[in-house]
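I have placed the structure first, in the form of structure tokens, so that the comments after it can refer back to it.
The values are calculated or read from the model by the stated rules, or taken from the named source; none is laboratory data. Bear in mind the structure is a predicted one, so any value in this text is a computation, not a measurement. Heads up, the Cβs are rebuilt from the backbone with ideal geometry, glycines too, and the neighbour counts pull from every protein chain shown. Keep in mind that these areas ignore ligands, DNA and RNA; they rest on the heavy atoms of the full protein, side chains included. Shrake-Rupley method; radii C 1.70, N 1.55, O 1.52, S 1.80 Å.
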Amino acid sequence: MDLTNIDLTTSSDKLRIISHFNKIMNGEEIWNFEDIYFFGNTQNLMSPRDVYNLAYSLNYYRQKHKNDNREWINAVYNTLINAEFVLIKTNIKLATDLDSLLRQKWDLPDNYAFEKIRQNFMHELLKYISTQDESAITQQLHILELEHISDLKAGFETAYEQVKQIYFSH
């Protein structure tokens, strides 16, 4: 759905996805790996408000329950970054709110450079949408090219093209 905009799910499927997360949202259960991956893989099927609420909940959980497990940290941060991108494409206000929230206490050390680079790119996409100044975006793409990080560069180019199509192709 992310690349084609074709939604093959039914409203019943979407209700089941949201009901899966109700126990977390109600405080009856806590976030675990399965929930983080499930959220990360179903964000495009949720309403922007549900994506924001779940990202807010996951970020709050992350801040209150410190965890040194690298796989956990990668899963949480990448899921939050993906949620921000989903919101960039669907609800710019909620995306901006989530970006501000995530940037408040990001606290990632440099050995999480991949996540820091991705989050910064999301931040620059938001600035690009409001200013139409693409210089920071093209600079980041150029740096990735210079550093031979072609997979990340290709992903960023796709994201950038999607954003241009959504906001500026009229």
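Below are the figures for this structure:
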{"item": "Neighbours by Cβ (under 6 Å, 6+ apart or cross-chain): first from the stretch 82-101, within 14 Å of N41 (Cα to Cα) and in a helix (DSSP H, G or I); second open to solvent by less than 60 Å² (accessible area, probe 1.4 Å) and β-branched (V, I, T)", "result": "A83/V51; V86/V51"}
{"item": "Test: residue in the stretch 43-57 that is within 21 Å of W106 (Cα to Cα) and open to solvent by 40 Å² or more (accessible area, probe 1.4 Å)", "result": "yes"}
{"item": "Criterion violated by L108 - all others in (1) touching a residue at least 24 places away in the same chain (Cβ under 8 Å); (2) in a helix (DSSP H, G or I) satisfied", "result": "(2)"}
{"item": "The lone exception for L45 - which of (1) modelled with pLDDT of 95 or more; (2) within 22 Å of T4 (Cβ to Cβ) it fails", "result": "(1)"}
{"item": "Helices (runs of 4 or more DSSP H) enclosed by the stretch 112-170 - at least 2 residues per element that are open to solvent by 60 Å² or more (accessible area, probe 1.4 Å) and closer than 24 Å to T79 by Cβ", "result": "113-131, 150-168"}
{"item": "Residues of the stretch 74-89 satisfying the condition of being in contact with an Asp or Glu (Cβ under 8 Å, 6 or more places away or on another chain) and either more than 18 Å from L152 (Cβ to Cβ) or open to solvent by 10 Å² or more (accessible area, probe 1.4 Å) (or both)", "result": "N74, Y77, N78"}
{"item": "Positions within the stretch 114-141 being at pLDDT below 95 and more than 13 Å from I81 (Cβ to Cβ), in sequence order", "result": "none"}
{"item": "Cβ pairs under 8 Å, 6+ apart, first in the stretch 32-59 and over 14 Å from L87 (Cα atoms), second open to solvent by 40 Å² or more (accessible area, probe 1.4 Å) and assigned to a helix (DSSP H, G or I)", "result": "F33/E71; D35/H20; F38/H20; S57/M25"}
{"item": "Positions within the stretch 1-42 being loosely packed, with under 11 Cβ neighbours inside 10 Å, under 23 Å from H65 (Cβ atoms) and among the small types (G, A, S), in sequence order", "result": "G27"}
